[in-house]
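In what follows, a structure is listed as structure tokens, so that the remarks can point back to it.
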Amino acid sequence: MPNHAKNQIINLPNLVSLIRIFMAPVLFYFAFTQQPYWFIGVLVFAVFTDVLDGFLARILNQITPMGSHLDSWGDFIIYSTMAICAWVLWPDIILREQLYFIIIVVSFTLPVCIGLIKFHTVSSYHTWSVKLAVAVTVVGYILLFTDLSDWPFRFAALFCLYAAIEEIMITLLIPHELVDVRTAWQALKYRQKHKAAINKTQEKNRNAEIR
């Protein structure tokens with residue numbers, strides 16, 4: 001394999017993303033052994049790696065399609081783990097906040113499912129709305145399950161719902177898989193350019209046939 005291909009897979013940001021993925025079994029361990037404080041501590045570290053891998057990719061100029069997909073897989077695994085472990089550790093709180101919990105879970109999973117159906121892979125848009133929704137949700141999650149406050153978690157559900165709608169719109173707009181599509185507006189502009197390019201190609205082919 002050429003060196004440039006290896007560099008797309010083996011680099012520091014990707015290793016940080018892998019560390020986040022490997023945190024999932026650790027989180028499950030602390031959940032099933034009923035150690036909530038250790039669970040919260042490891043969760044904070046896992047979320048920190050989510051920030052760190054993107055920062056390193058930009059600083060080291062190692063932004064690659066592989067890295068984007070790995071980051072998305074890491075996010076999906078960790079945030080799915082958060083939902084399952086919350087039910088294991090704090091079932092009473094989950095029942096009390098079940099409406100908001102369901103909204104958040106559906107908001108994170110439905111766009112992924114639609115992306116899988118259309119592109120047969122986990123989408124890696126990294127939209128600004130999802131970044132904001134994740135930040136608000138993590139803060140709300142920690143405040144809720146440490147009995148400090150419940151309203152930030154409920155507020156986070158609204159952010160997650162908006163972010164999910166935007167991700168679904170992007171999936172429906174773009175004709176093929178793309179990574180790092182920050183907004184639905186960006187997806188719409190790409191769709192228009194793609195259509196214009198197809199029309200131009202078809203026109204050239206028609207002119208060639210006439211000649």
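The values are calculated or read from the model by the stated rules, or taken from the named source; none is laboratory data. Bear in mind the structure is a predicted one, so any value in this text is a computation, not a measurement. As a convention, Cβ positions derive from the backbone with ideal geometry for all residues, glycine included, and neighbour counts pool all protein chains shown.
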Out of 128, 151, 185, report the one residue that is closer than 22 Å to residue 17 by Cβ and among the hydrophobic types (A, V, I, L, M, F, W, C). 128
Does region 9-27 hold any residues that are of a type in the set (Val, Ile, Thr) and assigned to a helix (DSSP H, G or I), and which are they? 9, 16, 19, 21, 26
Give the residues of region 121-147 that are more than 16 Å from the chain's Cα centre (by Cα) and either of a type outside the set (Ser, Thr, Tyr) or assigned to a helix (DSSP H, G or I) (or both), sorted by residue number. 139, 140, 141, 142, 143, 144, 145, 147
Candidates 45, 108, 30, filtered to the one that is among the aromatic types (Phe, Trp, Tyr) and farther than 25 Å from residue 160 by Cα: 30
Would a scan of region 114-124 turn up a residue that is in contact with a strand residue (DSSP E or B) (Cβ under 7 Å, 6 or more places away or on another chain) and either over 30 Å from residue 69 (Cβ atoms) or modelled with pLDDT under 95 (or both)? yes
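This table checks each residue for (1) at pLDDT 95 or above; (2) β-branched (Val, Ile, Thr); (3) in contact with a strand residue (DSSP E or B) (Cβ under 7 Å, 6 or more places away or on another chain).
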| position | (1), (2), (3) |
| --- | --- |
| 9 | no, yes, no |
| 12 | no, no, no |
| 21 | no, yes, no |
| 32 | yes, no, no |
| 56 | no, no, no |
| 67 | no, no, no |
| 92 | yes, no, no |
If you take the residues of region 143-183 that are β-branched (Val, Ile, Thr) and buried (at least 17 other Cβ atoms within 10 Å of the Cβ), which of them is nearest to residue 93 (Cα to Cα)? 168
Using the structure shown, decide if residue 57 is touching a Cys at 6+ places or on another chain (Cβ under 7 Å) and surrounded by 18 or more Cβ atoms within 10 Å (Cβ to Cβ). no
Mind checking which residues of region 193-204 are surrounded by 11 or more Cβ atoms within 10 Å (Cβ to Cβ) and either β-branched (Val, Ile, Thr) or free of Cβ contacts under 8 Å to residues at least 12 places away in the same chain (or both)? 195, 198
When you look at residue 108, is it touching a His at 6+ places or on another chain (Cβ under 8 Å), surrounded by 14 or more Cβ atoms within 10 Å (Cβ to Cβ) and either without any contact (Cβ under 8 Å) to a residue 24 or more places away in the chain or under 20 Å from residue 69 (Cβ atoms) (or both), yes or no? no
Please list, ordered by first then second residue, the pairs with beta carbon atoms under 6 Å, 6 or more apart or interchain, first in region 28-55 and in a helix (DSSP H, G or I), second hydroxyl-bearing (Ser, Thr, Tyr). 53/17
Test result for residue 183, in contact (Cβ under 8 Å) with a residue 60 or more places away in the chain and farther than 26 Å from residue 45 by Cα: no
Only one of these conditions is not met by residue 86: (1) closer than 19 Å to residue 168 by Cβ; (2) buried (at least 20 other Cβ atoms within 10 Å of the Cβ). Which number is it? (1)
